[in-house]
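> Below are the structure tokens for one structure; questions will follow.
The values are calculated or read from the model by the stated rules, or taken from the named source; none is laboratory data. As the structure is a prediction and not an experimental result, all values here were calculated from the model. Here the Cβ positions follow ideal geometry from the backbone for every residue, glycine too, while neighbour counts run over all protein chains shown.
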Amino acid sequence: MDWRDKLSGLKAELPEGEEIQVRDVVDEKNKKQKEPLRVELDKRNGKPATLITDFMGTDDELKELAKMLKIKCGAGGSSRDGEILVQGDFRVKISDVLLSMGFKVKKINFK
């Protein structure tokens with residue numbers, strides 16, 4: 001029995017007429033974000049750093065996005081004033097993650 005069979009069994013157990021509301025968190029955040037996020041390489045003290053700017057949202061949303069990006073890249077960083085800084089050159093990886101989340105991305109200093 002695979003997951004599709006289990007899911008079909010669960011759907012059969014639901015009472016008729018009731019629908020399950022699934023909230024898409026990414027779409028709610030992207031309603032505020034009309035401009036593309038800028039992803040660029042920056043040098044901080046001679047070391048590469050990936051900088052994500054032009055984020056429109058609350059500080060909590062910024063911190064949540066920064067935490068997720070730092071975990072995906074396995075690197076440190078910080079977030080403040082609408083900017084996310086991830087230590088290291090992760091331009092391609094971060095832009096792919098942001099695109100998969102539904103954000104628009106403006107790539108700067110890409111090869």
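> Which count do you get for residues in the range 99-108 that are in contact (Cβ under 8 Å) with a residue 12 or more places away in the chain, among the aliphatic types (A, V, I, L, M) and out of contact with any Pro (no Cβ under 9 Å at 6 or more places or on another chain)?
Residues that pass the stated criteria total 2.
> Restricting to the range 52-96, and then to whatever is among the hydrophobic types (A, V, I, L, M, F, W, C) and touching a residue at least 40 places away in the same chain (Cβ under 8 Å), can you tell me which residue is nearest to VAL39 (Cα to Cα)?
ILE52
> Shifting gears a bit: Taking into account only those residues within the range 1-25 that are basic (Lys, Arg) and either farther than 30 Å from GLU64 by Cα or assigned to a helix (DSSP H, G or I) (or both), which is modelled with the lowest pLDDT?
Across the range 1-25, the extreme among qualifying residues is LYS11.
> Let me spell it out: the conditions are (1) at pLDDT 90 or above; (2) out of contact with any Asp or Glu (no Cβ under 7 Å at 6 or more places or on another chain), and THR50 meets all of them except one. Which number is the exception?
(2)
> I'd like the full set of residues that are aliphatic (A, V, I, L, M) and at pLDDT 85 or above, limited to the range 26-47.
LEU37, VAL39, LEU41
> Select from the range 47-92 the residues that are of a type outside the set (Asp, Glu), in a helix (DSSP H, G or I), surrounded by fewer than 19 Cβ atoms within 10 Å (Cβ to Cβ) and over 13 Å from the mean Cα position of the chain (by Cα) and list them in ascending order.
Across the range 47-92, the qualifying residue is only VAL92.
> Counting just the residues of the range 98-111 that are surrounded by fewer than 18 Cβ atoms within 10 Å (Cβ to Cβ) and assigned to a helix (DSSP H, G or I), which one comes out nearest to the chain's Cα centre (by Cα)?
Looking at residues that are surrounded by fewer than 18 Cβ atoms within 10 Å (Cβ to Cβ) and assigned to a helix (DSSP H, G or I), I get MET101.
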